[in-house]
Amino acid sequence: MVWVAFAAQTIFVSAQSLNKTLVVSSDSPEIEVINQTGSIKVSASTAGAGRVVINSRQPDSTGRVNVTQGSDGRIKVEVTGRSPIDFEITAPAAANLDLLIYKGAISITNATGTIKARVTTDGNIMLAGLRSNKIDAHSSNGSIGFSGDLISGGEYSLRTFSGRIDATFPSAADFKLTASSFSGVIDLGGFPMKFTRQTNQLVEASCGSGRANVSIWTQEGSIYLHRKP
């Protein structure tokens, strides 16, 4: 069923799949996705700017996907019901993403916009090939993987209560680091650090002049930095 009213468009789907293309006028549209269980995968479009393509799959029709595009171009995708739903979304690289899943996985590749990714119970977050100046990734119980550039003045926060965090930065990355693990290992991956504080549980240091701010926290997991060749 499709309902269109003036400047907003809402699509209600209760079937087992959704294939929808939305036209956007901005190079950096706002996209919000709220899922219950399953996965959210977002990748930069190779078909050029101006389109957001949303595909979803679910094993039954007990879940419902609501897609809304407002007059300002903002897109919201929200799931009701308990059916696990897997989303595959392609969007302009500069899209600003706000992704939430209660149980499942989040994957984002080749994005340059601001990113907020949250898993409230169990699930991993994988961020690859990013060039964003603001990233906030948080999982309650799962691992986080990050690879990408660190932009001068950028803010990067990776947090998980129980899980491993792997962060891969360019070998010449310039950043200020706060890394904390209550019961795990903190491995700085050979980056040349100037320490202001260093204990078994907390590291505060700078690599270069500290142009980007990186905050990494895990309560029960370990932290590993990696230098990209």
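Values computed for the structure shown
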quantity	calculated
Residue within the range 126-146 that is in contact with a Pro (Cβ under 9 Å, 6 or more places away or on another chain), closer than 26 Å to THR199 by Cα and among the hydrophobic types (A, V, I, L, M, F, W, C) present	no
Cβ pairs under 7 Å, 6+ apart, first in the range 189-207 and free of Cβ contacts under 8 Å to residues at least 24 places away in the same chain, second in a loop (DSSP other than H, G, I, E, B)	GLN201/PHE182
Residue among GLY73, GLY104 that alone is open to solvent by less than 40 Å² (accessible area, probe 1.4 Å) and within 28 Å of GLY163 (Cα to Cα)	GLY104
Residue in the range 85-92 that is assigned to a loop (DSSP other than H, G, I, E, B), open to solvent by 10 Å² or more (accessible area, probe 1.4 Å) and without any contact (Cβ under 8 Å) to a residue 60 or more places away in the chain present	no
Qualifying residues in the range 112-139 (those that are β-branched (Val, Ile, Thr) and more than 8 Å from the chain's Cα centre (by Cα)) - the one surrounded by the most Cβ atoms within 10 Å (Cβ to Cβ)	VAL119
Residue list for the range 37-67, filter: surrounded by fewer than 16 Cβ atoms within 10 Å (Cβ to Cβ) and out of contact with any Gly (no Cβ under 6 Å at 6 or more places or on another chain)	THR46, ALA47, GLY48, GLY50, ARG51, VAL53, ASN55, ARG57, PRO59, ASP60, SER61, ASN66
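Listed here are the residues, each with its yes/no results for (1) closer than 27 Å to ARG64 by Cβ; (2) of a type outside the set (A, V, I, L, M).
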{"residue": "LEU99", "(1), (2)": "yes, no"}
{"residue": "ALA105", "(1), (2)": "yes, no"}
{"residue": "THR114", "(1), (2)": "no, yes"}
{"residue": "ARG118", "(1), (2)": "yes, yes"}
{"residue": "ASN141", "(1), (2)": "yes, yes"}
{"residue": "PHE146", "(1), (2)": "no, yes"}
{"residue": "ILE151", "(1), (2)": "no, no"}
{"residue": "ARG159", "(1), (2)": "no, yes"}
{"residue": "ILE165", "(1), (2)": "no, no"}
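The values are calculated or read from the model by the stated rules, or taken from the named source; none is laboratory data. None of the values given here were measured: they were computed from a predicted structure. Positions of Cβ are generated from backbone atoms using ideal geometry, with glycine treated the same way; all protein chains shown enter the neighbour counts. Just the protein is used for accessible areas: all its heavy atoms, side chains included, with ligands, DNA and RNA removed. Shrake-Rupley method; radii C 1.70, N 1.55, O 1.52, S 1.80 Å.
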